[in-house]
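What follows is a set of notes on a single structure, which appears directly below.
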Amino acid sequence: MNLDWGIIWDSRQVLLQGAAMTIMLTVVTMALAVPGGIVLALMRLSSNRLANGIAVAIVEFFRNLPLILVIYWAFYVMPMALDVQFSAVTTALVALVLNVSAYNSETFRAGINSIRKGQMEAALAMGMSRRQAMFKVLIPQAARRILPVLASTWISLFKDTSLVSVIAVSELAYASMQVRAQTFRVLEMLTAMAVIYWLMGYPQAKLVDWIHRKYGVKE
C-alpha cells in the first residue's frame, strides 16, 4: 500500500478552514438555539392553549425527524415554500437551530419544572408578577441544573455539524472529502479528519465532565 501522509500537510489550509467553519456553525447554532429553546419552553408551560399547541407541534416535529432530513428539507423544500433562496451556510444554520431548539426546549422545561412550586409562590407573595418570578427566580435556578445537559448537547451538535456537508457547506467533513476526491487519498484524509475532530472534541468532552462535577445538582 502506497501512503502519502504529506497530502495532509499540503491540504492544511483547506482543513483548517473547514475546522473553523465547524466551530462557527456550532457556536452560532447554540447561541440561537438557547434563546429559541427558552421561548419554546415558556410557550409549552403557558396556560395559553394556542401558544402551548404551537410549541408542542414545533418541538415534536423537529425532535422526531432525523437531522439529515431536516437539512435536506431546509435546503430543497423551504426555498420553494417561502419563495426565498438562502445560502448553504444559512440553510445549515436554520436546520441546526430548529433541531437543537426543540431539544433545548425540553431541557429548559424539565429544568423549570424541577424547581419546587414554593419558589414561584414565594415570589408571587413578595409582589412579583409571574413573568418577573419566572425570569428572576425560576430560570436562573433552572439554568444551573440544566447546564450539564446543555454542555452535552453542545458536544452532540459539534459532531452533528458534519451532516451539513450533504448540502456542500465547507465544514471539516466536506473539506476533507473534497481533498479526498481530488487526490484519491482516502485513508490519509479520513484519518486526518478523525484526528482533527478528536483534537477539537476531546477538550470539549473533558470540559463537559468538569461542568457535570461542578454544576451537577444532587438532591
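The values are calculated or read from the model by the stated rules, or taken from the named source; none is laboratory data. Just so you know, these numbers come straight off a predicted model, no measurement behind them. Reconstructed Cβ throughout: ideal geometry from the backbone, glycine too, with neighbour counts over all protein chains shown. These accessible areas exclude ligands, DNA and RNA; they are computed on the full protein's heavy atoms, side chains included. Shrake-Rupley method; radii C 1.70, N 1.55, O 1.52, S 1.80 Å.
Looking at the stretch 77-91, can you tell me whether even one residue there is crowded, with 20+ Cβ neighbours inside 10 Å, of a type in the set (A, V, I, L, M) and touching a residue at least 24 places away in the same chain (Cβ under 8 Å)? Among the residues of the stretch 77-91, not one is crowded, with 20+ Cβ neighbours inside 10 Å, of a type in the set (A, V, I, L, M) and touching a residue at least 24 places away in the same chain (Cβ under 8 Å), which makes the answer no.
Kindly check whether there is at least one residue in the stretch 95-107 that is farther than 25 Å from Gln204 by Cβ and surrounded by 13 or more Cβ atoms within 10 Å (Cβ to Cβ). No, the conditions are met nowhere in the stretch 95-107. Would a scan of the stretch 173-184 turn up a residue that is under 21 Å from Ser101 (Cα atoms) and either within 18 Å of the chain's Cα centre (by Cα) or outside any helix (DSSP H, G or I) (or both)? No; the residues of the stretch 173-184 include none that is under 21 Å from Ser101 (Cα atoms) and either within 18 Å of the chain's Cα centre (by Cα) or outside any helix (DSSP H, G or I) (or both). Among the residues of the stretch 125-136, is there at least one that is part of a helix (DSSP H, G or I), within 17 Å of Val39 (Cα to Cα) and touching a residue at least 40 places away in the same chain (Cβ under 8 Å)? Within the stretch 125-136, one or more residues are part of a helix (DSSP H, G or I), within 17 Å of Val39 (Cα to Cα) and touching a residue at least 40 places away in the same chain (Cβ under 8 Å). Scanning the stretch 166-219 for residues that are in contact with a Ser or Thr (Cβ under 6 Å, 6 or more places away or on another chain) and open to solvent by 50 Å² or more (accessible area, probe 1.4 Å) yields one hit, Tyr174. Among the residues making up the stretch 28-48, a single one is without any contact (Cβ under 8 Å) to a residue 60 or more places away in the chain, in a helix (DSSP H, G or I) and farther than 20 Å from Ala95 by Cβ: Met43. Taking (1) touching a residue at least 60 places away in the same chain (Cβ under 8 Å); (2) within 21 Å of Ala110 (Cβ to Cβ); (3) among the β-branched types (Val, Ile, Thr) in turn, Val56 satisfies each apart from (1). The test for being modelled with pLDDT of 85 or more, in a helix (DSSP H, G or I), farther than 18 Å from Leu40 by Cα and among the hydroxyl-bearing types (Ser, Thr, Tyr) does not hold for Ser101. On inspection, Arg144 passes the criterion of being in contact (Cβ under 8 Å) with a residue 40 or more places away in the chain, surrounded by fewer than 18 Cβ atoms within 10 Å (Cβ to Cβ) and not hydrophobic (A, V, I, L, M, F, W, C).
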